[in-house]
Amino acid sequence: MHKLVIVIPAYFEEEVLDSTISTLTQILEQLSEEKKISGGSTLLVVNDGSTDQTWSIIENYHKSNHFVSGINLSRNYGHQNALWAGMTAASVDADLLITIDADLQDDPKSIIEMVDKYHAGYDVVYGVRNNRESDTFFKRASANLFYKLMNKLGVNIIPNHADFRLIDRRVLKQLLQFPERNLFLRGMLPLVGFSSTKVFYKRRARQAGKSKYPLHKMLLLAWDGITSFSEVPIRSIIVFGFLLVFFSAFYVLYGLIR
Ligand code: UDP
Ligand code: MG
């Protein structure tokens, strides 16, 4: 019956959660009225160790809105792990799954288009932003540099796609087979294969609250992306080690001869 689960990671999102849950509820209602998804579809909000009102908002909605359920993580595990927790829980009975950030910077209306593509037979639908106007110059430049670097290292990632995507049940099951610990989902997805397509949307600015991705977290994610998907860093270290041994031996020899 096409049960859709929308997984929403939330870290200190008390300021946006009300409006996010009501917007996404309307979309689920519309899709279920149009018989594109089952009435048992859900919004699965994963509280990633926030200590503000995030969890109590989820609990309250769960009592009054049959679409809403939640997972409360024991501490902050980070965005990618929060998504993984939601995907693992959803894999029990979801036929299709969408991940979207709690601040709805990614256009929720694209969800309808994603579900249509799923019905047209695609297993993966990537949400791709068609502009970066809402980004700072620094974020734009660093993102471009990152995509270029990943490309040079031979890693297949979709430019301007983050963690807004639809996957179907088969893809979800395969993805969860990865024994990976340092998750970089946007790099893992293309490795799984299956038929895929894109939907394009304009990414908005955050409506309230602050970004939970300060520079150091962004760099750590980029580092996980590079080290998990390319052998170039580890090879460079080996070559550097050999060079160091070679030059040290040469230097010792030179000293002895002198
Ligand atoms: N998030 C999370 N755990 C974290 C950091 C972020 O679950 O440790 C969530 C956050 O609540 C949001 C999503 O990940 O739903 C993306 O974060 P944010 O919107 O702050 O990142 P940005 O859009 O600024 O890159
Ligand atoms: Mg955001």
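The values are calculated or read from the model by the stated rules, or taken from the named source; none is laboratory data. Every value quoted in this text rests on a predicted model; they were computed, and no experiment measured them. All Cβ positions, glycine included, derive from the backbone under ideal geometry; neighbour counts span all protein chains shown. Remember, those area values only see protein heavy atoms, side chains included, never the ligands or the DNA or RNA. Shrake-Rupley method; radii C 1.70, N 1.55, O 1.52, S 1.80 Å.
For every residue, the table says whether it meets (1) under 24 Å from the mean Cα position of the chain (by Cα); (2) more than 16 Å from ligand 2 (Cβ to nearest atom).
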| residue | (1), (2) |
| --- | --- |
| Ser195 | yes, yes |
| Phe200 | yes, yes |
| Arg204 | yes, no |
| Met218 | yes, no |
| Ser230 | yes, yes |
| Phe247 | no, yes |
- Task: Within segment 101-127, count every residue that is at negative phi and away from ligand 2 (no atom under 16 Å from the Cβ).
- Result: 16
- Identify, please: which residue in segment 111-133 is within 16 Å of ligand 1 (Cβ to nearest atom) and of a type outside the set (Val, Ile, Thr) and is, among those, farthest from Asp168 (Cα to Cα)? Glu133
- Item | Condition check for Ala208: buried (at least 18 other Cβ atoms within 10 Å of the Cβ) and under 18 Å from Ile100 (Cβ atoms) | no
- Enumeration of residues in segment 166-196 that are open to solvent by 50 Å² or more (accessible area, probe 1.4 Å) and of a type in the set (Phe, Trp, Tyr): Phe178, Phe194
- Message: Could you tell me how many of the residues in segment 81-109 are under 16 Å from the mean Cα position of the chain (by Cα) and hydroxyl-bearing (Ser, Thr, Tyr)?
- Response: 2
- Go through Arg258, Arg235 for me and flag whichever is closer than 30 Å to Asn81 by Cα and modelled with pLDDT of 85 or more. Arg235
- Note on segment 4-30: residues within 12 Å of ligand 2 (Cβ to nearest atom), outside any loop (DSSP other than H, G, I, E, B) and not polar (S, T, N, Q) are Ile8, Pro9, Ala10
- From the set of residues in segment 171-221 that are modelled with pLDDT of 95 or more and among the basic types (Lys, Arg), which is farthest from Thr54 (Cα to Cα)? Lys198
- Pairs with Cβ under 6 Å, 6+ apart, first in segment 187-206 and closer than 11 Å to Val125 by Cα and of a type in the set (D, E, K, R), second open to solvent by less than 60 Å² (accessible area, probe 1.4 Å) and away from ligand 2 (no atom under 14 Å from the Cβ): Lys198/Tyr126; Lys198/Val128
- Filter segment 83-103 for residues that are among the aliphatic types (A, V, I, L, M) and open to solvent by 40 Å² or more (accessible area, probe 1.4 Å); the one that is farthest from ligand 1 (Cβ to nearest atom) is Val92
- Run Thr51 past the list (1) open to solvent by 30 Å² or more (accessible area, probe 1.4 Å); (2) over 24 Å from Arg206 (Cα atoms); (3) assigned to a loop (DSSP other than H, G, I, E, B) and report the number of the one that doesn't hold. (2)
- Within segment 124-135, identify whether any single residue is over 29 Å from Asp93 (Cβ atoms), open to solvent by less than 80 Å² (accessible area, probe 1.4 Å) and at pLDDT 85 or above, and answer yes or no. yes
- Item | Filter pass, Met150 being modelled with pLDDT of 90 or more and surrounded by 15 or more Cβ atoms within 10 Å (Cβ to Cβ) | no
- Query: Within the set of pairs 6+ apart or on separate chains, which have a first residue in segment 147-162 that is on the phi > 0 side of the Ramachandran plot, a second that is open to solvent by 70 Å² or more (accessible area, probe 1.4 Å), and C-beta atoms under 6 Å apart?
  - Reply: none
- Message: Return the pair list, or none, for Cβ contacts closer than 7 Å from residues in segment 31-43 that are under 24 Å from Ala102 (Cβ atoms) to residues that are surrounded by 20 or more Cβ atoms within 10 Å (Cβ to Cβ) and among the hydroxyl-bearing types (Ser, Thr, Tyr), at least 6 apart or on different chains.
- Response: Ser32/Ser41
